[in-house]
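Just so it is clear, none of the values below were taken in a lab; they were calculated from the coordinates. Predicted model only: the values in this text are computed from it and were never measured. Cβ atoms come from the backbone with ideal geometry, glycine included; neighbour counts cover every protein chain shown.
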Amino acid sequence: AAKEAQKRIPPSELFRKETDKYSVFDERGIPTHDASGQELTKSALKKLVKLYEAQEKKYKEYLKSTGWTNSAIDASTAC
């Protein structure tokens, strides 16, 4: 059940709740600075990008399984 709930999280929201660890995020929602304001190392950033990309894949599979497609989402937000 936890895995199913994890799939429902949009990749852009994956790290946003972790404000105890991260303070600044890029346009995709990937952290760029830790909680103390220090820029993340390249290796830490690389790990987060991998997690983001994996979540993006899971989320797309989840949307496909529910019948939602990117075009349906785009159409619903275009109004």
> In region 50-65, what residues are in contact (Cβ under 8 Å) with a residue 40 or more places away in the chain and of a type in the set (Lys, Arg)?
Replying inline: Lys58
> Taking region 1-49, which residues are aliphatic (A, V, I, L, M) and either without any contact (Cβ under 8 Å) to a residue 24 or more places away in the chain or in a loop (DSSP other than H, G, I, E, B) (or both)?
Replying inline: Ala1, Ala2, Ala5, Ile9, Leu14, Val24, Ile30, Ala35, Leu40, Ala44, Leu45, Val49
>> Looking at Thr32 and the list (1) farther than 21 Å from Arg8 by Cβ; (2) of a type outside the set (D, E, K, R); (3) touching a Gly at 6+ places or on another chain (Cβ under 9 Å), which single condition is not satisfied?
In response: (3)
> Considering only region 4-27, how many residues are in contact with a Phe, Trp or Tyr (Cβ under 7 Å, 6 or more places away or on another chain) and loosely packed, with under 13 Cβ neighbours inside 10 Å?
Replying inline: 1
